[in-house]
Amino acid sequence: MSTTNQGLYTLATIIKRLEAVASRFEDLEETARSRTTKRQSTSTVADAPEPPAVHPSRPEPQTPPTVVVQPLSPPSVTAFDAIVIDGKLRAFVELTKAFAPQFLVDQVTLFADVLNLLRNLLLTAAACKKPDQKAFVELLEPLQAGIERIARAKVAHGKEAGWVNHLSAIAEGAPCVGWVTEPKPAAYVSEVKESIKFFTDRVLKDYKGKDPRHAEWVRAVLGILDEMKRYVLENHPVGLAWNASGVPISEYKAPSPTPAVPDAAAPPPPPPPPPPPPPPAEVVTPAPAASGPAAVFAELNRGAEVTKGLRKVDKSEMTHKNPALRASSVVPASTATSLAGKKPVRPAKPHALMGKKPGKFALEGNKWLIEYQENEPALEVSGVEISQIVNIFGCKNTTVVIKGKVNAVTMLNCTKTSVLVDSVISSVDITKSASFALQITGTAPTIQVDSTDSGQIYLSKACLGVEITTAKCSAINVSVPVEGEEDGVFQEQAVPEMLKTVVQDGKLVTSVVEHVG
């Protein structure tokens with residue numbers, strides 16, 4: 001449509017310029033006639049003084065105004081502006097400025113900047129072909145840096161009374177832009193929303209019956225994620241959509257930076273006034289098929305329209321795999337219904353956008369807090385007391401050595417983390433910590449493992465009376481010392497994963513399935 005309008009505008013401009021040229025010729029002919037009449041009168045009356053020549057006034061030629069072609073935003077970016085930016089973000093930023101302290105306003109501004117960076121990435125995706133993994137990671141670096149700035153703002157003011165939950169909600173909600181790395185982005189946005197509700201519910205509880213603006217603020221921040229999910233479902237249901245006919249990333253020139261809360265759409269250029277034309281040689285008429293920003297965005301718009309509404313075809317709908325469909329050439333209506341009813345697999349959070357949070361290793365009260373440690377070969381916890389608890393959270397590729405007897409040890413959301421502890425009075429709890437390793441050199445009464453895949457437990461001779469409880473786990477092995485052998489010689493045994501349940505006398509009786517042979 002933009003190309004057709006441009007062509008009509010060009011034709012109208014040419015007609016106006018031709019009319020102006022004809023008028024110019026008429027003026028020149030009139031001037032020539034007046035000069036001929038004056039020469040005849042001069043030859044007849046030689047003594048009469050020649051009157052001064054009066055030239056008809058002509059308007060000075062004016063330079064025609066430059067016609068600025070405003071590049072059209074792709075439909076996906078226009079929808080993002082309308083649904084997320086104008087729909088929710090503007091009002092949220094203004095509401096925060098109305099009652100919140102400056103440090104929260106600054107953090108919300110950083111959040112708006114991250115959404116603006118996401119908008120720039122959407123522009124890039126609409127103009128370019130899908131890049132390789134290395135180039136895509138480079139495109140994600142600004143988003144990751146923005147998320148890290150928001151996390152640092154939360155840490156810097158984390159002890160502000162009455163506002164810590166607001167700061168935590170924004171810090172936990174900032175990774176919502178990570179849907180660009182997910183095959184099921186809508187489910188990921190829902191997961192982020194559930195993670196921040198822990199903090200927004202606290203805000204509602206703390207300010208219930210006091211200041212209604214806090215409740216309105218909570219509704220606004222949750223509304224941004226709701227609208228983000230709606231936008232993703234309508235425009236990127238199976239992941240970030242790239243332009244198959246676009247240019248390579250290396251040839252793409254990013255547009256000029258836009259404000260953190262941009263307008264929903266640029267206003268159309270006003271129609272130019274009918275100026276007198278320049279000489280024909282200076283006329284530059286852009287052809288509809290000429291290259292340039294307008295042509296590029298026209299092609300992008302066309303590509304989005306062509307692919308709009310397409311969905312992934314299930315194997316049950318493929319005629320070359322179903323002879324019955326080839327006979328009728330009609331896909332049963334029940335197929336689409338069954339596909340729509342399938343529950344999408346909940347994707348894991350994208351680590352590419354999860355900025356590295358600051359590590360923590362401190363004793364607070366009677367709790368040792370070891371958080372977000374990475375690639376630490378030997379973190380030593382010494383001087384412990386029997387009333388103290390060691391909490392290990394979010395660590396990766398780290399070894400923690402606990403010297404002494406403690407009350408309990410907990411490990412949560414860790415990856416490839418090893419714990420070496422002397423003795424534990426209560427229990428050792430391991431939850432959602434893949435590829436862990438636990439070694440007890442003294443005693444421990446209980447070890448509980450929950451929602452964990454792959455783990456190794458080493459017991460001492462004094463710890464053979466331990467009770468090991470597992471739930472929703474796989475590939476858990478226990479190494480026990482071999483009787484009569486020197487220290488350090490273990491025999492590895494697997495924790496059973498397959499159970500058999502039967503009904504006996506009206507009750508369920510469960511036993512381990514044993515494979516013989």
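The values are calculated or read from the model by the stated rules, or taken from the named source; none is laboratory data. Just so it is clear, the model here is predicted, and its values are computed rather than measured. Cβ coordinates were reconstructed from backbone atoms using ideal geometry, including for glycine residues, and neighbour counts include every protein chain displayed. Keep in mind that these areas ignore ligands, DNA and RNA; they rest on the heavy atoms of the full protein, side chains included. Shrake-Rupley method; radii C 1.70, N 1.55, O 1.52, S 1.80 Å.
Being among the basic types (Lys, Arg) and open to solvent by less than 80 Å² (accessible area, probe 1.4 Å) is the filter here, so list the residues in segment 197-213 that pass it.
Lys197
Has segment 484-506 got at least one residue that is under 39 Å from the mean Cα position of the chain (by Cα) and not acidic (Asp, Glu)?
no
Open to solvent by less than 20 Å² (accessible area, probe 1.4 Å) and among the aromatic types (Phe, Trp, Tyr): which single residue out of Phe436, Phe490 fits that description?
Phe436
Restricting to helices (runs of 4 or more DSSP H) lying wholly in segment 114-219: which have 2 or more residues that are in contact with a Cys (Cβ under 9 Å, 6 or more places away or on another chain) and over 20 Å from Phe99 (Cβ atoms)?
Output list reads 185-206.
I need the full set of residues from segment 356-398 which are among the charged types (D, E, K, R) and either within 18 Å of Lys416 (Cβ to Cβ) or open to solvent by less than 20 Å² (accessible area, probe 1.4 Å) (or both), in order please.
Of everything in segment 356-398, those that are among the charged types (D, E, K, R) and either within 18 Å of Lys416 (Cβ to Cβ) or open to solvent by less than 20 Å² (accessible area, probe 1.4 Å) (or both) turn out to be Lys356, Lys357, Glu371, Glu374, Glu376, Lys396.
Which condition breaks for Ile147 when tested against (1) of a type in the set (A, V, I, L, M); (2) out of contact with any Phe, Trp or Tyr (no Cβ under 9 Å at 6 or more places or on another chain); (3) open to solvent by 20 Å² or more (accessible area, probe 1.4 Å)?
Failed condition: (3).
Identify the residue in segment 109-144 that is of a type in the set (Val, Ile, Thr) and under 22 Å from Ala79 (Cα atoms) and, among all such residues, is surrounded by the most Cβ atoms within 10 Å (Cβ to Cβ).
Narrowing segment 109-144 to residues of a type in the set (Val, Ile, Thr): 109, 114, 124, 137.
Adding the requirement that they be under 22 Å from Ala79 (Cα atoms) leaves 109, 114, 124.
Values: Thr109: 16, Val114: 24, Thr124: 19.
That would be Val114.
On the given criteria, is Leu459 over 27 Å from Ala378 (Cβ atoms) and either in contact with a Pro (Cβ under 9 Å, 6 or more places away or on another chain) or loosely packed, with under 13 Cβ neighbours inside 10 Å (or both)? Working first, answer last.
On the way: over 27 Å from Ala378 (Cβ atoms): no; either in contact with a Pro (Cβ under 9 Å, 6 or more places away or on another chain) or loosely packed, with under 13 Cβ neighbours inside 10 Å (or both): yes.
Spelling it out, it is not the case that Leu459 is over 27 Å from Ala378 (Cβ atoms) and either in contact with a Pro (Cβ under 9 Å, 6 or more places away or on another chain) or loosely packed, with under 13 Cβ neighbours inside 10 Å (or both).
Tally the residues that are part of a loop (DSSP other than H, G, I, E, B) and under 36 Å from the mean Cα position of the chain (by Cα), restricting the search to segment 423-481. Give the derivation first.
In the first step, residues of segment 423-481 are kept if they are part of a loop (DSSP other than H, G, I, E, B); the result is 425-427, 432-433, 435, 441-445, 451-452, 459-460, 464-466, 472-473.
Filter once more, keeping what is under 36 Å from the mean Cα position of the chain (by Cα): 432-433, 435, 451-452, 472-473.
Matching residues across segment 423-481 total 7.
Got a sec? Which of Glu216, Glu182, Glu160 is open to solvent by 60 Å² or more (accessible area, probe 1.4 Å), touching a residue at least 40 places away in the same chain (Cβ under 8 Å), touching a Phe, Trp or Tyr at 6+ places or on another chain (Cβ under 9 Å) and of a type in the set (Asp, Glu)?
So the residue among Glu216, Glu182, Glu160 that is open to solvent by 60 Å² or more (accessible area, probe 1.4 Å), touching a residue at least 40 places away in the same chain (Cβ under 8 Å), touching a Phe, Trp or Tyr at 6+ places or on another chain (Cβ under 9 Å) and of a type in the set (Asp, Glu) is Glu160.
Test of understanding: among Ala437, Ala444, which residue is in contact with a helix residue (DSSP H, G or I) (Cβ under 8 Å, 6 or more places away or on another chain) and aliphatic (A, V, I, L, M)?
Ala444
For Phe99, which of the numbered conditions (1) at pLDDT below 90; (2) under 23 Å from Ser245 (Cα atoms); (3) surrounded by fewer than 21 Cβ atoms within 10 Å (Cβ to Cβ) fails to hold?
(2)
Report yes if some residue within segment 345-355 is modelled with pLDDT under 60, open to solvent by 70 Å² or more (accessible area, probe 1.4 Å) and over 28 Å from Val155 (Cα atoms); otherwise report no.
Yes: one or more hits.
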